[in-house]
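The values are calculated or read from the model by the stated rules, or taken from the named source; none is laboratory data. All figures in this text were calculated on a predicted structure; none of them were measured in a lab. Here the Cβ positions follow ideal geometry from the backbone for every residue, glycine too, while neighbour counts run over all protein chains shown.
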């Protein structure tokens, strides 16, 4: 009885607040009672339908009770009603009862055909007992149930049968109908009985909250239950407790006992461990009683739904609900197992003392990856733990005490060990559960997945301005744009239809985002395609197919995971890394990022191999050099952005993304693999077209020597390279500027810009910019002019030894006054004026085109002026 | 859709070009730089004429001259829903790449009628309904632009041939 109360779902419609306990039993009907009590205990979790019936029956009793108060006689009357209800219960649990009676009651076995009548007989007999044959309560306590009434029962039965026989069938039918028909009617009525009538009133038994040891609530309840069994109603010292229950975590430290009087509670809990009835007992006010038993509407778990595991080896793993126990507390879930099949534990095991081995000693060994159970692997090392069980339909294995069916782990879990809210299963997780099919997605029930996801719809997935559509509810079909969100409510402005312009509130659950074909969208979450950008190619209810900008692949996601994107260009970023970035993997290897996953990068290295690396494995990111130049197979200049084609092999073509040494990273949109990136050697390509229509022929702007020497970006030549031994080495120099100004030393070593100078004064080697050095004659101390074009030092004050120096333009030299912009240029530009070898050669090649404009500008012929200087320096 | 658009462009000229032919040079420069350019929003098809070539202004400190040129050009701006003719540049299992003039349009598998199937075993590979419709490299297609994605200096579009009167011509 006591447990019965607990198991009621007080939140549900039919069974709300069943505070009407079965009335206290009299010792009079002892023969029926105890057995009934037993039955009731056995059937704690009985089918709800039956309980409804039962309640409906007892309701009448309560009405009576309410009317007349509750004296004992009155209750006797009610007992008839109750009795009947219980008869029905008995009918359900007949076999058990039968068994228990056994022994002395062999007689009853013969009467199997007249179950109901028998009970009725008992009832009537009870009445008789009340009227006439009284027994001493002590006797009753001692005797087995019904022992002393055997004889009477026989007679009773005979009489009953006679009576039945005498009745005509019609009457009998009516009687039966009256008896059961009413109940049936009541049963159906029960559904519509207003809740408030079922609420407890002052006449009902009270509920006391009794202190107990926290955490031992359930134990106490079981102890009470046991005691009720030991001291049933008909016994000498019956438990007067009607019901008891606990509220677990919410109200730990208390058990609640329902009884008529406080003394009954005291008495009932006397000498029970872990419960302290002597401390202050709380009488629960009538008004609060329903609250006490209100069950928090728990997440309704349905088979096929998704949950996550809270802790343990499978922490945060996705699991699918296979089965839900009727009480809703335990579920059977399907998991992708994480097994190592004893691989880890066996390593080095023979050499180690087994005692010293401790589990979990090496936390670094992460849990094994999720993989379907494989009996082959299990057999390798753990054959002894493995046993096949012939399951229904599928092959099932028992391995290390767990059951595996179809490769999945089937596990019973308690609901409190599961995360049921905001599960948000990702598509790749779910695909693992797709049973049987190779490609995975085929078997997926996207609809059920969508439903699960809908429950976890975060409000932030709607931003003001999102186009949405109401797809269920009264406002179904409305189309608008969101203007604001508050919790689960989204305000939207209707954009189409009669209501256009109006603001309407709608719950998130009834909304879905609306996309048109061709919309440029971004995946914002919920799937492994997060951050992909693409264009919508198909919209079907809740699912949107988009074409990834990057990979030109079709992706299907839920519309709630999408957002209109204004972004252009590449998608996906992992820290500082972006798709198409060039990264240095080691000293000799560079690679181009082809895909950015959440934690890893997929790169295509210069040798053409694809690898997946972690961002930490990247030495550094190579900042793109937009002005990098290379030459193709034909010697034509190729730059970033040019389109080139491979000469040999697959004749791949693409736009140059990066130029690195002799490697080109090309991008071709029409290529699906590697996001369209390929790597080729510069010597294997020919130019198809240059960027921006840059003519592959001679470039006019380039031809203008003036522009060249101006140091215009892209047109400037690198500083001249000096070959061989630097001429400054061994020379005596003086520093003309800086902290070492005036110091004299000998150049020990020299690079392009710097020289290592050993000073005479300090016994020290210093690196000093060559520009700051003046070469001196070691003996005379005279300044010596180093040759031009060697990056050697110049004496600023000294006049150029010749009229022509460095890269000075002939024009400038001819008439410096004409071009004031560079007429006076000298010392400041000294560096950039050095003539490098390459351009004079180019000039000779292209001199014919140069001539054209030079003549147009009516200067003296180029050859005249230039040829002398075109000689190798 | 084609438009006639008036635009301005600033061209800086090196002093070495200053001379009697400077105007000619400017026109050449303009044609060279503008025609075929993609702004990310539209393509400049052709420079029609110069409305006005401003007088050059020498920039202080560099000596270069700056000319502000007003010109009219025919531009093409692709719109969603526009029907265009295009030439297939390549066919892939994922879809068809086409060029509608300067605009590259991709037709995804989903936007190809279901009876036109991918046939990888032919040379060259093609999409075909095993009747008169064959889509391979070089085929002329009539397609409808589904969406246009402007980029920095390019426009990408996706199209469909899954409608009446669309498909190979």
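Give the residues of segment A:512-528 that are in a loop (DSSP other than H, G, I, E, B) and either free of Cβ contacts under 8 Å to residues at least 60 places away in the same chain or at the interface with another protein chain (Cβ under 10 Å from one of its Cβ atoms) (or both), sorted by residue number. So that I can check it myself, show each step before the final result.
From segment A:512-528, those in a loop (DSSP other than H, G, I, E, B) are A:514-519, A:524-528; that's our starting set.
Across segment A:512-528, the qualifying residues are A:514, A:515, A:516, A:517, A:518, A:519.
Report every pair of residues separated by at least 6 positions or lying on different chains whose Cβ atoms are under 9 Å apart, first residue within segment A:152-177 and at pLDDT 80 or above, second surrounded by fewer than 11 Cβ atoms within 10 Å (Cβ to Cβ).
Going by the 9 Å Cβ cut-off, there are no qualifying pairs.
List the number of the failed condition for residue A:440; all other conditions in (1) modelled with pLDDT of 70 or more; (2) under 23 Å from the mean Cα position of the chain (by Cα) hold.
Among (1) modelled with pLDDT of 70 or more; (2) under 23 Å from the mean Cα position of the chain (by Cα), the lone unmet condition for residue A:440 is (1).
Can you confirm whether residue A:532 is within 14 Å of chain B (Cβ to nearest Cβ), at pLDDT below 80 and crowded, with 16+ Cβ neighbours inside 10 Å?
Numbers: within 14 Å of chain B (Cβ to nearest Cβ): yes; at pLDDT below 80: yes; crowded, with 16+ Cβ neighbours inside 10 Å: yes.
It is true that residue A:532 is within 14 Å of chain B (Cβ to nearest Cβ), at pLDDT below 80 and crowded, with 16+ Cβ neighbours inside 10 Å.
Give the residues of segment A:672-693 that are within 12 Å of chain B (Cβ to nearest Cβ), in contact (Cβ under 8 Å) with a residue 24 or more places away in the chain and under 19 Å from residue A:603 (Cβ atoms), sorted by residue number. Break it down stepwise before answering.
Keep residues of segment A:672-693 that are within 12 Å of chain B (Cβ to nearest Cβ), which gives A:672-673, A:676, A:689, A:691-693.
From what's left, in contact (Cβ under 8 Å) with a residue 24 or more places away in the chain: A:672, A:676, A:689, A:691-692.
Result: A:672, A:676.
Given the structure, is residue A:266 surrounded by 12 or more Cβ atoms within 10 Å (Cβ to Cβ) and in contact with a helix residue (DSSP H, G or I) (Cβ under 9 Å, 6 or more places away or on another chain)?
Details: surrounded by 12 or more Cβ atoms within 10 Å (Cβ to Cβ): yes; in contact with a helix residue (DSSP H, G or I) (Cβ under 9 Å, 6 or more places away or on another chain): no.
Criteria not met by residue A:266.
Considering only segment A:274-285, I want to know if a residue exists there that is crowded, with 19+ Cβ neighbours inside 10 Å and part of a loop (DSSP other than H, G, I, E, B).
yes
Whether any residue in segment A:619-633 is surrounded by 19 or more Cβ atoms within 10 Å (Cβ to Cβ) and farther than 10 Å from residue A:685 by Cβ is what I want to check.
First, pick out the residues of segment A:619-633 that are surrounded by 19 or more Cβ atoms within 10 Å (Cβ to Cβ): A:630, A:632.
The next check asks that each one be farther than 10 Å from residue A:685 by Cβ; those that pass are none.
No; the residues of segment A:619-633 include none that is surrounded by 19 or more Cβ atoms within 10 Å (Cβ to Cβ) and farther than 10 Å from residue A:685 by Cβ.
Do we find a residue being touching a helix residue (DSSP H, G or I) at 6+ places or on another chain (Cβ under 9 Å), surrounded by 18 or more Cβ atoms within 10 Å (Cβ to Cβ), in contact (Cβ under 8 Å) with a residue 60 or more places away in the chain and closer than 28 Å to residue A:515 by Cα anywhere in segment B:125-143?
yes
For segment B:133-157, give me the residue count where each residue is more than 14 Å from the chain's Cα centre (by Cα), within 28 Å of residue A:565 (Cβ to Cβ) and within 14 Å of chain A (Cβ to nearest Cβ). If you could, list the steps in order and put the result at the bottom.
Step one: list which residues in segment B:133-157 are more than 14 Å from the chain's Cα centre (by Cα), which gives B:133-144, B:146-147.
Still in the list and also within 28 Å of residue A:565 (Cβ to Cβ): B:141, B:143-144, B:146-147.
Pick out the ones that are also within 14 Å of chain A (Cβ to nearest Cβ) and you get B:143-144, B:146-147.
Selection size over segment B:133-157: 4.
Out of A:374, A:387, I need the residue that is at pLDDT 80 or above and surrounded by 14 or more Cβ atoms within 10 Å (Cβ to Cβ). Which one? Break it down into steps so the answer makes sense when it comes.
Values: A:387 fails: surrounded by 14 or more Cβ atoms within 10 Å (Cβ to Cβ).
Residue meeting the stated conditions: A:374.
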